[in-house]
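One structure is given here, and the rest of the page talks about it.
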Amino acid sequence: MKHQEYEKRGIYPELRKNISFIKEITDGSSDILVNEFITGGIKCALLCCEGMMSSQTTADMVLEPLTGIENQDSPKSLFSYIQTYLLLSTDRTSAENYGDMMRMLHSGFAVLIADGADSALAFGVQGYASRGIQEPSGEGNILGSHEGFVETIRTNMSMLRRRLKTPELVMKLMVKGSSSHTDICLCYMKDRVPQKLLDRIMKSLDEIKLESILSTGYVRPFLEQKNFNLFSSTGLTERPDVLCSKLIEGRAAVLIDGIPYAIIIPRLFCESFHTLDDYAHKPYYSTFLRWIRYGAFVLSVLLPAIYAAIVMYHPELLNSTLLLLLVQEEKNAPLSILTESFLVLLMYEVIREAGVRLPKPVGGSVSIISGLIIGDAAVKSGLVSTPLLTMTALAVLGGLVVPDLNPQITVLRFAFLAAGGIMGLFGISILACIVLTNICGTEDYGFPFTAPLSPFSSKGMEDTAVRIGMRKMQNRGFTVEEYFNE
């Protein structure tokens with residue numbers, strides 16, 4: 001039976017008819033357990049979803065107290081007695097229709113129905129298997145916390161609450177996905193976030209009419225503007241401490257059940273170059289590291305393109321020694337520099353994708369094949385020149401310094417290479433203007449993506465161009481509301 005046919009239907013008061021209808025809804029699914037018993041002189045049934053609840057918790061906190069209830073006059077008085085005198089579970093709720101009942105059942109609740117009652121009681125006894133808290137895989141740090149988000153949304157919410165023990169932190173749960181019924185949590189600091197930002201985010205979330213939500217990519221498009229943007233105006237993090245720092249700055253975040261990442265709204269371009277360790281080192285060293293990342297990003301995007309453009313169109317920019325060296329290397333290569341560059345970059349992307357997708361036991365073979373067979377053999381055979389391979393390796397290495405921007409870096413690297421190979425430095429300049437225009441035009445919910453550089457904010461630059469000391473930072477009172485354009 002389709003969910004539209006039963007979702008709003010009221011619960012049948014007859015126990016036998018109720019159980020039959022539940023079996024019809026689930027088509028007799030083997031993981032739905034129906035335990036019939038009599039308590040308080042009234043026929044009842046406890047419904048559970050196998051694998052989603054803890055058998056020990058259900059037996060100790062629900063079944064044992066329920067079976068000891070004295071005779072009651074009616075199902076209504078039985079439910080009233082349970083609600084008034086029995087705790088059973090700290091997470092208690094009721095269901096008035098089959099849509100709510102099935103959602104609770106599939107979320108790990110134990111659902112109690114009684115003969116003659118047109119509602120059901122649900123008790124939180126979740127006990128499904130989940131991954132333990134581990135170190136984040138993609139946001140490594142040396143001196144900070146080593147806890148990362150997990151797939152269970154309640155655990156992620158608790159990690160935020162442990163770090164921000166204040167009533168100003170608000171977490172609102174909602175359900176999205178007509179088939180998956182996925183829990184989504186909107187998190188924010190009510191004294192920091194602009195109210196108009198919250199209203200717009202809620203409006204965007206209301207537009208989600210998907211059947212299922214299985215990754216952050218299902219939700220992010222609804223939280224970003226519809227215009228084409230090279231860079232995402234929402235960010236991702238798998239670190240609760242990073243998310244807490246964003247919430248304190250007046251951002252909002254979305255947690256999704258089953259996904260160990262949080263969506264940050266809004267995101268600024270400069271934040272891709274910040275790490276948690278920046279705030280653990282001395283300011284001068286953190287500033288140095290940030291400029292290393294800025295330079296690595298530019299190097300990763302432009303180095304192959306500039307190399308191809310100079311060698312093909314502007315050799316006068318090179319000194320005679322370097323020019324003779326490049327000529328000596330390139331004259332033996334059978335392909336043009338532009339073709340060589342594209343092939344080497346494509347080769348790297350294939351190797352990287354293979355390393356990501358292959359099973360771990362055979363993943364090590366990728367480095368052997370790429371390093372010993374492809375790289376060494378290609379240079380020795382003369383298919384690829386050594387300077388070109390060196391430039392490509394430096395560009396790839398620079399992109400690894402800023403993993404948040406890896407998709408954009410990959411595409412822009414090819415685009416700039418094509419522009420430089422066809423039109424030289426002039427083509428690179430034109431494409432750079434187009435990219436900068438697109439970045440400056442990226443804006444969501446009234447927040448410019450390029451802040452604090454554009455529009456310029458001296459207070460924001462204190463943690464962008466440099467990293468000031470904590471004694472000064474504690475008095476900044478900085479929030480992203482300064483950039484909010486109503």
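The values are calculated or read from the model by the stated rules, or taken from the named source; none is laboratory data. Values in this document were obtained by computation on a predicted structure and should not be read as measured data. Cβ coordinates were reconstructed from backbone atoms using ideal geometry, including for glycine residues, and neighbour counts include every protein chain displayed.
Filter the stretch 21-43 down to residues that are in contact with a Phe, Trp or Tyr (Cβ under 9 Å, 6 or more places away or on another chain), of a type outside the set (Lys, Arg) and under 16 Å from residue 114 (Cα atoms), then give me how many there are.
First, the residues of the stretch 21-43 that are in contact with a Phe, Trp or Tyr (Cβ under 9 Å, 6 or more places away or on another chain): 21-22, 24-25, 40, 43.
Filter once more, so that each one left must be of a type outside the set (Lys, Arg): 21-22, 24-25, 40.
Filter again for under 16 Å from residue 114 (Cα atoms), leaving 21-22, 40.
So the count comes out to 3.
Among the residues of the stretch 16-27, is there at least one that is hydroxyl-bearing (Ser, Thr, Tyr), surrounded by 15 or more Cβ atoms within 10 Å (Cβ to Cβ) and out of contact with any Gly (no Cβ under 8 Å at 6 or more places or on another chain)?
Taking the stretch 16-27 as the starting set, the residues that turn out to be hydroxyl-bearing (Ser, Thr, Tyr) are 20, 26.
With surrounded by 15 or more Cβ atoms within 10 Å (Cβ to Cβ) added as a condition, the list becomes 26.
Restricting the remaining residues to those that are out of contact with any Gly (no Cβ under 8 Å at 6 or more places or on another chain) gives 26.
Within the stretch 16-27, one or more residues are hydroxyl-bearing (Ser, Thr, Tyr), surrounded by 15 or more Cβ atoms within 10 Å (Cβ to Cβ) and out of contact with any Gly (no Cβ under 8 Å at 6 or more places or on another chain).
Suppose we filter the stretch 17-44 for residues that are more than 42 Å from the chain's Cα centre (by Cα) and without any contact (Cβ under 8 Å) to a residue 40 or more places away in the chain; how many remain?
Of the stretch 17-44, the ones more than 42 Å from the chain's Cα centre (by Cα) are 17, 36-44.
After this cut, where a residue has to be without any contact (Cβ under 8 Å) to a residue 40 or more places away in the chain as well, the list is 17, 36-39, 41.
Here the count works out to 6.
Which residues, taken from the stretch 8-60, are over 20 Å from residue 106 (Cβ atoms) and aromatic (Phe, Trp, Tyr)? It would help to see each step written out before you state the result.
Keep residues of the stretch 8-60 that are over 20 Å from residue 106 (Cβ atoms), which gives 13-17, 36-44, 56, 59-60.
Passing the criteria: only 37.
Is there any pair linking a residue in the stretch 315-329 that is within 19 Å of residue 425 (Cβ to Cβ) and assigned by TED's automatic domain parsing to the domain that holds residue 425 to one that is surrounded by 11 or more Cβ atoms within 10 Å (Cβ to Cβ) and among the small types (Gly, Ala, Ser), with Cβ under 9 Å and at least six apart or on different chains, and which?
326/385
Can you find even one residue in the stretch 287-302 that is over 29 Å from residue 425 (Cα atoms), surrounded by fewer than 23 Cβ atoms within 10 Å (Cβ to Cβ) and modelled with pLDDT under 90?
Within the stretch 287-302, not a single residue is over 29 Å from residue 425 (Cα atoms), surrounded by fewer than 23 Cβ atoms within 10 Å (Cβ to Cβ) and modelled with pLDDT under 90.
Among the residues of the stretch 121-170 satisfying the criterion of being at pLDDT below 90 and polar (S, T, N, Q), which is nearest to residue 235 (Cα to Cα)?
Per the stated criteria, the residue is 137.
Give 283, 266 a once-over and let me know the one that is touching an Asp or Glu at 6+ places or on another chain (Cβ under 8 Å), under 30 Å from residue 146 (Cβ atoms) and modelled with pLDDT under 95.
Numbers: 283 fails: touching an Asp or Glu at 6+ places or on another chain (Cβ under 8 Å).
Answer to the check: 266.
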